[in-house]
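For reference, the structure discussed in these notes is given below.
The values are calculated or read from the model by the stated rules, or taken from the named source; none is laboratory data. Treat the numbers as computed from the prediction; the structure is a model and nothing was measured. Neighbour counts are summed over all protein chains in view; Cβ atoms, including those assigned to glycine, are modelled from backbone coordinates with ideal geometry.
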């Protein structure tokens with residue numbers, strides 16, 4: 001498999017990085033057929049496709065296989081990059097320095113109804129139970145273990161029962177100022193190691209394979225995608241995505257269910273509309 005883009009590549013953006021949920025995967029947890037067909041056309045023209053998601057290997061891998069990809073996966077919102085062919089972690093961060101404060105000060109102070117999950121190794125472990133965790137596990141198709149992690153997790157996700165994550169972010173910043181906070185859904189606040197992020201992981205991949213970020217197209221729908229979209233040479237926002245993402249993007253495409261990724265592929269293959 002060749003991931004580098006030769007100078008003679010005919011595509012203006014020979015790499016395409018796509019978020020999963022709300023971008024390529026619809027609310028029924030299915031890949032959008034129009035977007036899947038477009039990615040196949042893009043790959044037939046010599047393009048290379050990556051997924052960048054907040055999901056873990058367990059929940060992202062089925063979509064990766066369904067798409068027929070063998071490229072490294074950006075996981076856990078950029079805290080990990082895994083090569084599915086070998087199982088090698090090209091990037092593997094954890095919350096080591098901030099974990100004591102998170103475990104001992106933040107988790108006990110969470111409001112009633114807010115659940116917490118820690119991701120360690122290949123497991124998702126319940127740090128604080130809440131009814132909202134049931135729907136989360138169903139959506140991501142993962143099993144939640146009731147045993148706390150033995151070491152600092154890769155990331156911690158706070159899942160609320162419909163309330164804004166802003167007060168939760170303030171709580172985390174007070175006790176863990178060095179953690180990176182990203183909002184991946186309206187009610188999800190993810191606590192990541194410093195140095196993580198989809199943009200940081202994309203820099204790792206482009207440096208590894210000798211591709212300039214100006215030749216990368218990226219697409220997403222939620223605030224955790226914003227930095228990646230800004231970094232890419234062509235950044236696209238899903239039409240029904242978060243307003244901050246739409247403001248940051250070079251182009252705004254169709255809603256997810258109507259083929260957001262397909263619109264981006266059309267732009268790359270056919271050029272901007274005249």
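Per the listing 78, 54, 47, the residue uniquely modelled with pLDDT of 95 or more, surrounded by 23 or more Cβ atoms within 10 Å (Cβ to Cβ), closer than 24 Å to residue 237 by Cβ and not assigned by TED's automatic domain parsing to the domain that holds residue 158 is 78. Here region 169-193 is the region considered, the condition is being touching a residue at least 60 places away in the same chain (Cβ under 8 Å) and in a loop (DSSP other than H, G, I, E, B), and the residue that is nearest to residue 43 (Cα to Cα) is 193.
Criterion applied to 166, 207 was being free of Cβ contacts under 8 Å to residues at least 12 places away in the same chain and within 19 Å of residue 52 (Cα to Cα), and the one residue passing it is 207. Residue 12 meets each of the listed conditions (1) assigned to a loop (DSSP other than H, G, I, E, B); (2) on the phi > 0 side of the Ramachandran plot; (3) surrounded by 14 or more Cβ atoms within 10 Å (Cβ to Cβ) apart from (2). Residues in region 139-168 that are surrounded by fewer than 16 Cβ atoms within 10 Å (Cβ to Cβ) and assigned to a helix (DSSP H, G or I): 139, 166, 167. Here residue 90 does not qualify as assigned to a helix (DSSP H, G or I), within 24 Å of residue 215 (Cβ to Cβ) and at pLDDT 95 or above.
Residues in region 244-274 that are at pLDDT 95 or above, over 17 Å from the mean Cα position of the chain (by Cα), assigned to a helix (DSSP H, G or I) and surrounded by fewer than 23 Cβ atoms within 10 Å (Cβ to Cβ): 247, 257, 258, 262, 263, 266, 267, 268, 269. For region 113-129, the count of residues that are in contact with a strand residue (DSSP E or B) (Cβ under 7 Å, 6 or more places away or on another chain), surrounded by fewer than 16 Cβ atoms within 10 Å (Cβ to Cβ) and part of a helix (DSSP H, G or I) is zero.
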